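Reading through the structure tokens given below for one structure.
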Amino acid sequence: MMAREEHSSGIQFYKKLNSSIRDAGSAAAFAHQNSLNVRHVYEAHNGQAVHESVVRALGFVRVERFPVMTFAGGFVSRRAVYEKLNSFIRECGTQRAAAVHFGLTEGALGNICNARRGLMPVLTKLGFGLPVTMFLPLPHAEKGSADS
């Protein structure tokens, strides 16, 4: 369930962004060198919004992971959280019984299971923390722009 991934924190992402901009001479020059929208580079540099095209140009892919409360340093994907939720519902016998355990209505739990509502109401009782954004390195061949 918990695969070890080599990831970079937001700090490492911004270090690479800053050094790449410095090496290029300016944010606009970095954008032009990588065929990116200049506004996207400025927004990422200012911490306003990190566009996927900028993430890819730096050789990363952004992922969301959930910390496992019983395993320090352990993170799982959204899929693993849903798998644990579905297993828990099967163990309870019915969705209604599981909803009672979470303090939710059956409809609310159904919406969570069908991805129409966020996972926040069930994370703690399933043993997970709030989601964390991480940056995974891309294989060298996949680096590039996603802007059009």
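Where helices (runs of 4 or more DSSP H) fall wholly inside segment 45-148, the ranges with 2 or more residues that are more than 14 Å from the chain's Cα centre (by Cα) and surrounded by fewer than 16 Cβ atoms within 10 Å (Cβ to Cβ) are 78-92, 95-102, 106-113, 120-126.
Being at pLDDT 95 or above, of a type in the set (Gly, Ala, Ser) and closer than 28 Å to Asn111 by Cβ is the requirement here; does Ser77 meet it? Here the answer is no, as Ser77 does not meet what is asked. Pairs meeting the criteria (first residue in segment 24-40 and of a type in the set (Ser, Thr, Tyr), second residue at pLDDT below 95 and surrounded by 14 or more Cβ atoms within 10 Å (Cβ to Cβ), beta carbons under 6 Å, at least 6 apart or on different chains) are Ser35/Ser145.
Consider segment 28-48. How many of its residues are touching a helix residue (DSSP H, G or I) at 6+ places or on another chain (Cβ under 6 Å) and over 24 Å from Pro139 (Cα atoms)?
Of all residues in segment 28-48, those touching a helix residue (DSSP H, G or I) at 6+ places or on another chain (Cβ under 6 Å) come to 28, 30-31, 33-34, 36, 38, 40-42, 44-45.
Add one more test, that the residue is over 24 Å from Pro139 (Cα atoms), and what stays is 28, 38, 42.
Matching residues across segment 28-48 total 3.
Filter segment 1-17 down to the residues that are in a helix (DSSP H, G or I) and surrounded by 13 or more Cβ atoms within 10 Å (Cβ to Cβ), then identify the one that is modelled with the lowest pLDDT. Ranking the qualifying residues of segment 1-17, first place goes to Gly10.
The values are calculated or read from the model by the stated rules, or taken from the named source; none is laboratory data. Given the structure is predicted, the values throughout are model-derived calculations rather than measurements. Cβ coordinates were reconstructed from backbone atoms using ideal geometry, including for glycine residues, and neighbour counts include every protein chain displayed.
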